[in-house]
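Take a look at the structure set out below.
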Amino acid sequence: MGCTSCSQHANRPMPADLLEKTKKHPCYSFEAHQKYARMHLPVAPGCNISCNYCNRKFDCVNESRPGVTSEVLTPTLAKEKFDWVKSKLDHLSVVGIAGPGDALANWEQTKRSVALIKADNPDIVFCLSTNGLLLPDYAEELIRLGVQHVTVTMNCIDPEIGAKIYKFVRYQGHKYQGVEGAKLLLGRQLEGIAKLTAGGVLVKVNIVMVSGINDRHIPQVVKKAKKLGAFMTNIMPLIPAQGSAFEHFPQTSMKAIEQMRQTCEMDLTQMHHCKQCRADAIGLLEYDRSQEFRLSLQLSADRKMEPGTAGRRYVIAVTSKYGKLVDQHFGHAEQFAIYQGRGEHFVFLEYRRVKKYCTGMIDCDDAEVRREGTLKALKNCDAVLTMRIGLNAKKQLADRGIDSIEYCDTVETGLICAAQQLAQKKSEERRVKTGE
């Protein structure tokens with residue numbers, strides 16, 4: 001086994017209070033992962049890089065991997081959900097933000113979520129995951145905010161290898177590809193990790209092992225992480241995601257992963273118990289209870305709505321193949337089921353038939369003419385409840401005042417969740433308008 005103290009890597013002793021908190025962090029402590037629960041808050045939907053192993057559009061309640069979530073929360077809803085989970089899980093010790101995009105690419109949502117929870121729960125351990133592109137910009141603010149554990153996914157330290165892993169990098173309004181993009185990302189990662197460790201933050205470096213791409217290069221990444229003062233590294237297998245550039249790559253075998261961990265353990269502590277959790281994971285690492293804690297299931301008759309929203313009726317269009325599940329892509333729909341209601345009570349009104357405008361995930365955002373007929377059919381709706389929707393379609397709906405709510409469960413619970421999100425949005429808009 002590798003050493004368990006970051007002092008051997010960063011040449012500084014770990015503060016006693018941080019050491020105590022780390023003992024209760026299930027990712028940073030093997031002993032803690034069967035005793036303490038963590039909660040991931042899915043408040044960060046946007047991402048600023050594109051990895052060839054990632055497809056965040058592929059998302060369902062039964063899929064368990066990074067980037068997957070059943071709901072995206074506002075900071076206010078995140079605090080509400082945290083209070084609910086805390087009341088049910090006595091052993092909850094850690095709150096993390098791990099997506100479904102990048103925590104720092106959604107900095108305002110991330111910062112406010114942490115601040116809201118921290119105000120009433122100073123003893124909770126806060127951590128977040130990031131690709132590191134914006135880490136130099138926010139490292140000092142993270143330290144001030146009290147985030148003491150940060151995971152950075154750094155898959156290589158050679159831009160030539162990085163060009164095979166990353167499709168593009170978006171930074172300061174520009175899109176960088178190939179070696180140029182990988183070099184930019186790597187430089188920002190190294191600078192950011194150094195800033196965090198210098199400020200006493202425990203850094204875990206995640207590495208996705210892709211056979212034939214970076215597998216032989218990983219020991220060099222681990223050695224570099226050690227020099228930067230990282231606390232540990234977590235070498236993870238590639239999970240070929242449907243629709244990603246690497247979807248036909250073989251999943252990295254756990255035998256190969258363990259062999260690599262043992263090789264690298266001579267340099268730095270390795271995480272052996274990672275479960276590659278969802279962005280909304282809740283509970284022990286080996287027992288994800290996220291589906292028990294969807295906000296739509298929390299709604300009850302005695303729940304008090306914000307002033308001005310209790311009586312509001314919503315018209316919601318749903319994409320569903322057979323009327324039971326929200327299981328259809330927006331662009332694949334040939335009809336929309338229209339419901340009207342509020343709170344937990346909705347009634348079916350009608351089906352509205354449209355011409356399917358998307359023939360596949362690749363060209364969905366290019367079917368402008370065909371999409372226009374669908375948009376017109378939804379003109380009096382408050383929201384569309386759908387399993388997946390492209391960015392252009394989402395924007396065009398928003399321009400017409402129609403919200404897009406992505407969901408993957410039953411129509412019944414989806415409508416409840418949609419109503420709750422619409423009401424919350426109205427409440428936040430009113431707070432901004434009144435300056436509360």
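The values are calculated or read from the model by the stated rules, or taken from the named source; none is laboratory data. Keep in mind that this is a model prediction, so the values were computed, not measured. Cβ coordinates were reconstructed from backbone atoms using ideal geometry, including for glycine residues, and neighbour counts include every protein chain displayed. For accessibility, only protein heavy atoms count, side chains too; no ligands or nucleic acids. Shrake-Rupley method; radii C 1.70, N 1.55, O 1.52, S 1.80 Å.
Hey, any idea what % of segment 385-436's accessible area is carbon plus sulfur with a 1.4 Å probe? Provide the component values of the computation, followed by the final result.
Values: 1270 of 2430 Å².
Carbon and sulfur: 52 percent of the exposed surface of segment 385-436.
Need the full-extension length gain, Lys376 to Trp84, defined as separation in residues times 0.36 nm minus the C-alpha distance. One decimal, nm.
Details: separation 292, 0.36 × 292 = 105.12 nm, distance 3.95 nm.
So the chain would gain 101.2 nm between Lys376 and Trp84.
Please identify which residues in segment 405-424 have an amide N closer than 15 Å to a label point set 7 Å out from the Cα of Thr76, following the Cα→Cβ vector.
The answer is 419-424, whose backbone nitrogens lie closer than 15 Å to the label point.
Work out, step by step, the length gained on full extension between Lys321 and Glu180: first 0.36 nm times the residue separation, then minus their alpha carbon distance; give nm to one decimal.
Values: separation 141, 0.36 × 141 = 50.76 nm, distance 4.35 nm.
Additional length available on full extension: 46.4 nm.
Taking only protein heavy atoms into account and a 1.4 Å probe, give the accessible area per residue of segment 61-178 in Å². Write out the running numbers ahead of the final one.
Values: 4610 Å² over 118 residues.
About 39 Å² of surface per residue is accessible.
For Glu141 and Asp120 in the same chain, what is the full-extension length gain: residue separation times 0.36 nm, less their Cα-Cα distance, in nm? Spell out each step's value before the answer.
Values: separation 21, 0.36 × 21 = 7.56 nm, distance 1.98 nm.
Taking 0.36 nm per residue and subtracting the Cα distance, the gain is 5.6 nm.
Could you give the nm distance between label points at Arg313 and Gln259, where each point is 7 Å from its Cα heading toward the beta carbon?
Result for the modelled spin labels: 6.6 nm.
Applying 1/(1 + (r/R0)^6) with R0 = 22 Å to the Cβ-Cβ distance of Gln251 and Lys223, what FRET efficiency is obtained, to the nearest 0.05? Write out the running numbers ahead of the final one.
Working: r = 26 Å, r/R0 = 1.19.
Here the calculated transfer efficiency is 0.25.
Give me the percent of the accessible area of segment 183-297 that comes from carbon and sulfur atoms, probe 1.4 Å, all protein chains in place.
Working: 2360 of 4560 Å².
Whole-percent figure for carbon plus sulfur exposure: 52.
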